[in-house]
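Structure, as structure tokens:
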2 protein chains.
Amino acid sequence: MKPKLRIIPLGGAGEIGKNMTVLEYADAIVVIDAGLKFPESDMLGVDIVIPDITYLLERRDQVRGIVITHGHEDHIGALPYVLPRIQAPIYATPLTGGLIQVKLKAHKLLKDATLHTIQMRDTIRLDPFTLETFHVCHSIPDGVGLAITTPIGTVVHSGDFKFDPSPVDGQLTDFAKLAELGGRGVLALMSDSTNADALGHTPSETTISDSFARIFAFAEGRIIVATFASNISRIQQVVDTAVRFHRHVAVVGRSMQDNVKMAIDLGYLRVPAGVLIRAEQTHQYAPNEVVIVCTGGQGEPASALVRMANRDHKQVTLTPGDTVILSATPIPGNEEMINRTLNNLFRAGAFVYYDELTHVHVSGHASQEEQRLMVNLLRPKYFIPLHGEYRHLVLHARLAQALGIPAENIFVIENGAVVEFDEQGRGRVARESVPASDVLVDGIGIGDVGTMVLRERHHLSEDGFLVALVTLDARTGEVVFGPEIVTHGFVYTQAAEELIEGAKETILTALEKGGDAAALGVKLKEVLSQYLYRQTHRRPMVIPVVTEI
Amino acid sequence: MKPKLRIIPLGGAGEIGKNMTVLEYADAIVVIDAGLKFPESDMLGVDIVIPDITYLLERRDQVRGIVITHGHEDHIGALPYVLPRIQAPIYATPLTGGLIQVKLKAHKLLKDATLHTIQMRDTIRLDPFTLETFHVCHSIPDGVGLAITTPIGTVVHSGDFKFDPSPVDGQLTDFAKLAELGGRGVLALMSDSTNADALGHTPSETTISDSFARIFAFAEGRIIVATFASNISRIQQVVDTAVRFHRHVAVVGRSMQDNVKMAIDLGYLRVPAGVLIRAEQTHQYAPNEVVIVCTGGQGEPASALVRMANRDHKQVTLTPGDTVILSATPIPGNEEMINRTLNNLFRAGAFVYYDELTHVHVSGHASQEEQRLMVNLLRPKYFIPLHGEYRHLVLHARLAQALGIPAENIFVIENGAVVEFDEQGRGRVARESVPASDVLVDGIGIGDVGTMVLRERHHLSEDGFLVALVTLDARTGEVVFGPEIVTHGFVYTQAAEELIEGAKETILTALEKGGDAAALGVKLKEVLSQYLYRQTHRRPMVIPVVTEI
């Protein structure tokens, strides 16, 4: 049997193929992206979530390379967890590579890593794959899509893209290359579905400049702009508008300072001499000569903006007359934190501009018209919507179908599903799938926190626990110590003496009938749980410890 | 000193004056609304949150009545907790009264309550207050605003309102009464700020009918509409569109069935004979003859829609070809659950319409133009924006100021603040405020879960706990039992034997130096915490129990 080309999105629940996608032909594998996602709210205590790479580990010698499309966390954040287990070279454009270096350095992995810097319209040969990069606009510079020529045909991966008609850095999405690829013939297109429920076109990044100018024109005090640390284009627009209105720019917060420095060094951010000042210097200028750029657009508790809002920031104390621009849109799950931050900014007397009020943010992803354009430029034989939750994939699939791609040539798949193409270029979804679960990282543990531990944490978070200790004389069965109660997260113990006394009596009553330690443990758990529910209508985790000495 | 008129919004963090507002003059108090709010995501294990009524309890004999503006939970939900402690008569319009009856009955409080049914344009005399009701449009019928004549002047409370130009039930917000009140002279207006960041007008509720008609016209299978159980107008539009397209309507879910029955009985919902069918009967009809109305628009885990999406509903199994309309907008904090529900509905093969895709929901609250109209109709001397988070109040205040109300006559306040008017009708915010915290209800406990218990639950939710038991001989200090470890929510114990063994060794080493039980407990906590962090980078709650026998 001739080898097949296989395409496999990896990751757990949530977006499909966002953090990692695998291409395989015969004994060769290319990995596209190695990102993380942030835990959903029911993944209690979890730090980050990375893709399940079981499939790759079983074939680790076949991995020819890891190609990164752009420098966002959801595309590079899993590298520190993947590289120690799969020693493959990484390919990335300069800015993306810079961000990867910072990350690997922090994890002490840089010197063992092989990082190849590639350019736009570069060619990477990873036999039997030939990868050609082409520029795509996104909310970070230096993003690429990939055209991957395989023995069976060319597949195109869009990366995270939009067709911005007037990008801040002047670099359009590479229409010419896309048209050329379309002319050559594309077997399959994997395309970004994130905004498949957004009608029309995503506004150009430069439309933000007009909003900034209007706000800057009216602001009499300091201006504070919060955005993602990686959104270099947005920072460029803040700098440009600051220059126009004769203000200096202070970058506050470590992650943003690092990014700004690197972007300037690599030529991705242009700042006229004398414009940048340090946060400590802002007091040397009049308020209307200062702009502060910082993180916190998602209401992240440790971010500069949130600390300012809570009047807890060392260098910046908000005063009435300050203007704050929240140049970001909530990631689902962050709304409560963002709303609190907004309220506290208003409480501090600031004028606050946010997305509901003014046009101060645009998405980095293609809306429906741009998704249509991508399909029509490439005219692929097969279409695989990726990057987005399941509903986005379905909507994107319908859009492609309306453009003439037959329904049977469109594959709406989950992570772990395998799309395979035979030597005639006939595609189908394979019956078997590969492991694709959420791998939870908590502390230094990778994957050890699973359903069981999360269920316990959820139980504890709701009603706490109660441990009941009692020691019996092994011969007589008499109580020689206890009952002693240890409880946390259940009731306010200082006001619950009566409840605790009742629990002890319940234990002593249950012990009267005797029995061995194991049987008594089971019995105690039952009667205690019942007693506590009757008294409080709560169900703490009840753990009796009966010992005999 | 002559008595002053005092206005006090009660409640904790979040929206101001939403759940309860107090009016006081001399020895008389009128309470407006007695609602609950749902816990924020960091209020772990909490069922509901009610206003702090300490101030009222200290003056319980002075409370002349509790007037309810409309039947939503955030206006009636605290009645079961307030009534047992403050025996005051309740005043409500028929539908609102009906919803209150259902609630009080469930809490076995109905027979002890005094519930007066009032009409639109009714007058309630609660000496020295005279309250006049006037109709306001909202997302539930039968809502009222209040004009309260006091010895010092007339204050108007807008209730939750919008100026719907074509409400489903034909009942406009009472322009005539508002104009009359404006003519008479209004001392202070308390007005709904919820949508103060929304430009323009909120679309009319009847604009939904057009969307429904377009969707119904194309749907070939069943149609399932999810909305709030109390949104009678939305349900009316589903019924009307169903009749137009020759479909029968099944109401699924207890709360919605109860509401629909009551609304029909009281004349607020008009359903032609033969249209309503029971959920079990839907199978007797062709799919294109059926509409199902149910709850679940917020992704609530126990709701009918979510169980359908999870293929876990007894009566309704989704099949490809079904159409689902999510006629609701996410309440902040619910986005993740809603997104999951949407994805699962798409997975089941349904066509799903939601707010991003189609116009299938409108807000029940006034946008900026309507807020302006309210101010301009009443021309109050003082303006107190209420109902909304702090940022909405600030934006609403700016809007009122732009309409000519002097800044010093606008009071942007927090819950617990006291606005007082002297005999000349001069208003100010008093220096002292009254208790206004979030009162958390957990099981049958009211207010016993506070910062301490929440902090413990948060800690437990992140990293679980570890209890270490050891029993020493009181004379020799030798270990006679243990060390024994009980841990949950920390690590997957079956895979952590080595870690647990290490913890036991750490304990034994620490015990070698001896000491009394209390000192050893402190020591063990320290060394165990350090050991566990070193091994896992997690910080479980560590509780050593050292006993001596």
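The values are calculated or read from the model by the stated rules, or taken from the named source; none is laboratory data. Worth saying up front: this structure is predicted, and the values here are computed from it rather than measured. Note: ideal-geometry Cβ built from the backbone for every residue, glycine included; neighbour counts use all protein chains shown. Remember, those area values only see protein heavy atoms, side chains included, never the ligands or the DNA or RNA. Shrake-Rupley method; radii C 1.70, N 1.55, O 1.52, S 1.80 Å.
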- Task: Residue by residue through the stretch A:265-281, note down the ones that are under 25 Å from residue A:352 (Cβ atoms) and in contact with an Asp or Glu (Cβ under 9 Å, 6 or more places away or on another chain).
- Result: none
- Query: So which residues in the stretch B:401-435 are free of Cβ contacts under 8 Å to residues at least 60 places away in the same chain and in a strand (DSSP E or B)?
  - Reply: B:410, B:428, B:429
- Query: Of the residues that sit in the stretch A:510-549 and are more than 10 Å from chain B (Cβ to nearest Cβ), outside any helix (DSSP H, G or I) and surrounded by fewer than 17 Cβ atoms within 10 Å (Cβ to Cβ), which one is nearest to the chain's Cα centre (by Cα)?
  - Reply: A:516
- Query: Of (1) surrounded by fewer than 22 Cβ atoms within 10 Å (Cβ to Cβ); (2) in contact with a Phe, Trp or Tyr (Cβ under 8 Å, 6 or more places away or on another chain), residue B:374 satisfies all except one. Which?
  - Reply: (1)
- Kindly indicate whether any position in the stretch B:7-27 is open to solvent by 10 Å² or more (accessible area, probe 1.4 Å), in a strand (DSSP E or B) and either more than 26 Å from residue B:443 (Cα to Cα) or not assigned by TED's automatic domain parsing to the domain that holds residue B:425 (or both). yes
- Of all residues in the stretch B:212-256, count the ones that are over 14 Å from residue B:316 (Cβ atoms) and either among the hydroxyl-bearing types (Ser, Thr, Tyr) or assigned to a helix (DSSP H, G or I) (or both). 24
- Item | Residue in the stretch A:172-186 that is touching a residue at least 12 places away in the same chain (Cβ under 8 Å), closer than 30 Å to residue A:318 by Cα and buried (at least 16 other Cβ atoms within 10 Å of the Cβ) present | no
- Going by the structure shown, is residue A:213 assigned by TED's automatic domain parsing to the domain that holds residue A:329 and either of a type outside the set (Asp, Glu) or under 28 Å from the mean Cα position of the chain (by Cα) (or both)? yes
- Task: Would you mind telling me which numbered condition in (1) within 14 Å of another protein chain (Cβ to nearest Cβ); (2) open to solvent by 10 Å² or more (accessible area, probe 1.4 Å); (3) touching a residue at least 12 places away in the same chain (Cβ under 8 Å); (4) more than 21 Å from residue A:33 (Cβ to Cβ) residue A:438 fails?
- Result: (4)
- Give the stretch A:335-359 a look and list any residue that's under 26 Å from the mean Cα position of the chain (by Cα), surrounded by 21 or more Cβ atoms within 10 Å (Cβ to Cβ) and assigned to a loop (DSSP other than H, G, I, E, B), or say none. A:354
- Given the conditions (1) modelled with pLDDT under 95; (2) closer than 24 Å to residue B:443 by Cβ, every one holds for residue B:87 apart from (2)
- Reported set for the stretch B:383-435 where residues are among the hydroxyl-bearing types (Ser, Thr, Tyr) and away from chain A (no Cβ under 14 Å) is B:433
- Of all residues in the stretch B:321-334 being free of Cβ contacts under 8 Å to residues at least 40 places away in the same chain and closer than 24 Å to residue B:239 by Cα, which is farthest from the chain's Cα centre (by Cα)? B:329
- Taking only the stretch A:33-74 into account, find how many residues are among the hydroxyl-bearing types (Ser, Thr, Tyr), assigned to a helix (DSSP H, G or I) and surrounded by fewer than 18 Cβ atoms within 10 Å (Cβ to Cβ). 1
- Query: Of all residues in the stretch B:451-499 being part of a loop (DSSP other than H, G, I, E, B) and either open to solvent by less than 20 Å² (accessible area, probe 1.4 Å) or within 7 Å of chain A (Cβ to nearest Cβ) (or both), which is nearest to residue A:492 (Cα to Cα)?
  - Reply: B:464
- Per the filter on the stretch A:335-367, residues polar (S, T, N, Q) and touching a residue at least 40 places away in the same chain (Cβ under 8 Å) are A:339, A:341, A:358, A:363, A:367
- Is there a residue being touching a residue at least 12 places away in the same chain (Cβ under 8 Å), open to solvent by 40 Å² or more (accessible area, probe 1.4 Å) and not aromatic (Phe, Trp, Tyr) anywhere in the stretch A:391-400? no
- Query: Out of all the residues in the stretch B:86-103, is one or more surrounded by fewer than 21 Cβ atoms within 10 Å (Cβ to Cβ) and polar (S, T, N, Q)?
  - Reply: yes
- For residue B:162, all conditions in the list (1) of a type outside the set (A, V, I, L, M); (2) at positive phi; (3) open to solvent by less than 10 Å² (accessible area, probe 1.4 Å) hold save one; what is the number of the exception? (2)
- Task: Assess whether residue B:370 counts as being of a type outside the set (A, V, I, L, M), part of a helix (DSSP H, G or I), farther than 20 Å from residue B:154 by Cα and in contact (Cβ under 8 Å) with a residue 12 or more places away in the chain.
- Result: yes
- Note on the structure: Across the stretch B:257-289, the tally of residues that are surrounded by 13 or more Cβ atoms within 10 Å (Cβ to Cβ) and either part of a helix (DSSP H, G or I) or small (Gly, Ala, Ser) (or both) stands at 14
- Query: With respect to the numbered conditions (1) facing chain A (nearest Cβ under 10 Å); (2) open to solvent by less than 30 Å² (accessible area, probe 1.4 Å), which one is the sole condition not fulfilled by residue B:362?
  - Reply: (1)
- How about the stretch A:401-422: which of its residues are farther than 17 Å from residue A:193 by Cβ and either modelled with pLDDT under 95 or touching a Gly at 6+ places or on another chain (Cβ under 6 Å) (or both)? A:421
- Query: Is at least one residue of the stretch B:240-258 of a type in the set (S, T, N, Q) and at pLDDT 95 or above?
  - Reply: yes
- Regarding residue B:330, is this residue within 26 Å of residue B:70 (Cα to Cα), within 14 Å of another protein chain (Cβ to nearest Cβ) and open to solvent by 30 Å² or more (accessible area, probe 1.4 Å)? yes
- Query: Just a yes or no: is a residue in the stretch B:65-79 out of contact with any Phe, Trp or Tyr (no Cβ under 8 Å at 6 or more places or on another chain) and farther than 25 Å from residue B:390 by Cβ?
  - Reply: yes
